[in-house]
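Only one structure is covered here, and it is reproduced in the block below.
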Amino acid sequence: MFTPWKLTEFNQQVWRIALSANAAETKKVIDNARHKFHSTQKAALADPTHAITDQLLNAPESVIAARVRANSKLDLDNRERLDACLKPFSLEQLSSEPIRVFAKKKSKGGFRVVSVFGPLHKTAQELVAGALTPKFQPPPFLYGLKKRGGQQAIAIAKTFIGEGYVWVARLDIKRCFDSFTDEELVKVLPLPAEWVESVVCRRHSKTVLGYSHSHSQYDDDVLMGAHLGIPTGSGCSPLVCAYCVAQLPWQPTEDVKLILYVDDLLILAKSHARLQQEMASLTNAVENIPGGHFTSSILHEGHIEYGISFLGHILRLNGSKLETDPSDAALARLHEHAEYLPDPKFNDCAGITLQMLARTWSHIRGWRAAFSQCDDVDSWVELVRSRILAVAARLEIAEEALNAVAAKHPFEFDFSGFS
């Protein structure tokens, strides 16, 4: 649904443009562009021709709409002026904007390369996502999408287990993002080849190490790995991955179900024999996913009474009761953003501001929403929540003020990285 962009003093400060007649005119141009873009997307649902795709990628209104969305997702210091969103865009401009890359440690050793993009690359990625969305019809077993996130995946897993699908296994698509290739993606994505190569696979872009404190032992490997597959951190990579993985040549049956979250497969069956059969079938199916060269590994196999870890949740059947708890890794993520907070019993709270507290408060709210399928989820967040409120009380900040600021900056929990 199209929502007009609101011209308020806050938005003026965010976009670094003075409140003036010029700003009001810019708002009008942006709203018109966004309206035309959404109309074109709707038309693409009924008529997915190359002409419509070209319009979604190159029309001035598509560029303006994408540039506004791209800048909205960047930190304030990295955003363009609002009036810059009205300037023309071309793929050739991407070579002028280096991509920053750094290593992010994995919980079980090693690292993954994470890319940080500027406004030009983000704009191109939004254009690709906007052109690909009308052509994507996800199958029922695919999650990790808007309105089909981790909470919904856990909820349907609990439903299946309650219906007798008590034999479970987890498969992982190894190095999923790195396994895509531009040669194979050009064949499967309904996009011009130059957009696949330059935007989806950032073939012609320059990469630089992102931070001076990056893990030095990884630096050479980070720069080498920066051009593998599709990048983590790109605005279009999750959709590109979903578009290809959705074409997994496999269908659920009456006695076997599948929940696929990005590269994490949860298989649920009514018997051990059927579970083993479909594990073999899915292993072969993964190798035939279009867009790259993929393999899988088995992470877990057994009866649900012994428990299984999936998306940061531990599911276990205890007698007739299905228990759902956050994993240790999920709890670590809950507490990581509260580490810098002082203990109000022993330290003063000088230097702690409303904005700092609100960021942590937003993280706690986001974590609680992400793990709402857990039993008694409030008991897990209470310790951190009470600590934040204690610091707020010392600073005479009401809980309502925290909620108001946190609501403007909602935290979206990332379920990736759980093993």
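Observations on the model:
- Residue by residue, segment 176-181 carries 3J(HN,Hα) couplings of 4, 4, 5, 8, 6, 10 Hz when phi is fed to the Karplus relation 6.51 cos²θ - 1.76 cosθ + 1.60 (θ = phi - 60°); x denotes Gly or Pro.
- The orientation-averaged shadow of the Cα convex hull for segment 116-163, equal to a quarter of the hull surface, comes to 4.6 nm².
- Between the C-alpha center of segment 231-303 and that of segment 50-124 there is a gap of 30 Å.
- Pair LEU45, GLN277: separation of 7 Å Cα→Cβ label points (nm): 3.8 nm
- In terms of its C-alpha gyration tensor, segment 44-145 has an oblate overall shape, because the principal axis ratio a/c (a ≥ b ≥ c, square roots of the eigenvalues) is not below 1.5 and a/b does not outweigh b/c.
- Using only side-chain charges placed at the Cβ, +1 for Lys and Arg and -1 for Asp and Glu, the dipole size of segment 224-358 relative to its Cα centre rounds to 240 debye.
- Projecting the Cα atoms of LEU341, ALA393, LEU142 onto the charge dipole of the chain, computed from C-beta unit charges around the Cα centre, puts ALA393 farthest toward the positive end.
- Think of a 1.4 Å ball rolled over the protein heavy atoms: the chain then has 49 Å² of accessible area per residue.
- Heavy-atom accessible surface of segment 54-145: percent carbon and sulfur, 1.4 Å: 52 percent
- Size descriptor, Kirkwood hydrodynamic radius, that averages inverse alpha-carbon separations across the chain, Å: 23.7 Å
- About the Cα centre, charge dipole magnitude for the chain (Lys/Arg +1, Asp/Glu -1 at Cβ), debye: 660 debye
- Residue-averaged 222 nm ellipticity for the chain, from DSSP H runs of 4+ at -39500 (n - 2.57), nearest 500: -13000 deg cm²/dmol
- ASN32-SER72 pseudo-label distance in nm [points 7 Å out on the Cα-to-Cβ vector]: 2.0 nm
- Loop sites in segment 145-186: trypsin sites (Lys or Arg not before Pro), DSSP, at most 12 other Cβ within 10 Å: LYS146, LYS147
- Percentage relative contact order, segment 97-184, counting C-alpha pairs under 8 Å, at least six apart: 14 percent
- For segment 59-155, the number of Lys pairs separated by eight or more positions or lying on different chains, with C-alpha atoms closer than 23 Å, is 12.
- Among ILE308, PHE415, PRO192 - extreme Cα towards positive end, dipole of the chain, charges at beta-carbon: PRO192
- Taking the chain and dividing mean pair separation by its residue count, relative contact order in percent (alpha carbons under 8 Å, at least six apart): 15 percent
- Ranking ALA66, LEU94, VAL114 by Cα position along the charge dipole of segment 59-118, where only Lys, Arg, Asp and Glu carry charges on their C-beta atoms, puts VAL114 farthest toward the positive end.
- Checking every one of the GluC sites (Glu not before Pro) in segment 253-361 against DSSP loop status and a limit of 13 other Cβ atoms within 10 Å picks out GLU254, GLU287, GLU339.
- Cα centroid separation, segment 353-419 to segment 23-44: 35 Å.
- Put simply, the C-alpha atoms of segment 228-342 give a gyration tensor, and the ellipsoid matching it has half-axes of 27, 25, 10 Å, longest first.
- Long-range amide H partners of PHE413 with built H, under 5 Å: none
- Put simply, the amide H of TYR143, placed in the peptide plane, has neighbours under 5 Å in LEU260, TYR261, VAL262, leaving out anything fewer than 5 places away on its chain.
- When only the Cβ of Lys, Arg, Asp and Glu is charged (+1, +1, -1, -1), the dipole of segment 54-196 relative to its Cα centre reaches about 840 debye.
The values are calculated or read from the model by the stated rules, or taken from the named source; none is laboratory data. Computed from a prediction, not measured in an experiment: that's the story for all the values here. No Cβ is skipped: glycine too gets one built from the backbone with ideal geometry, and neighbour counts run over all protein chains shown. The protein model used for the area step is the full one, side chains on, heavy atoms only, and it has no ligands, DNA or RNA in it. Shrake-Rupley method; radii C 1.70, N 1.55, O 1.52, S 1.80 Å.
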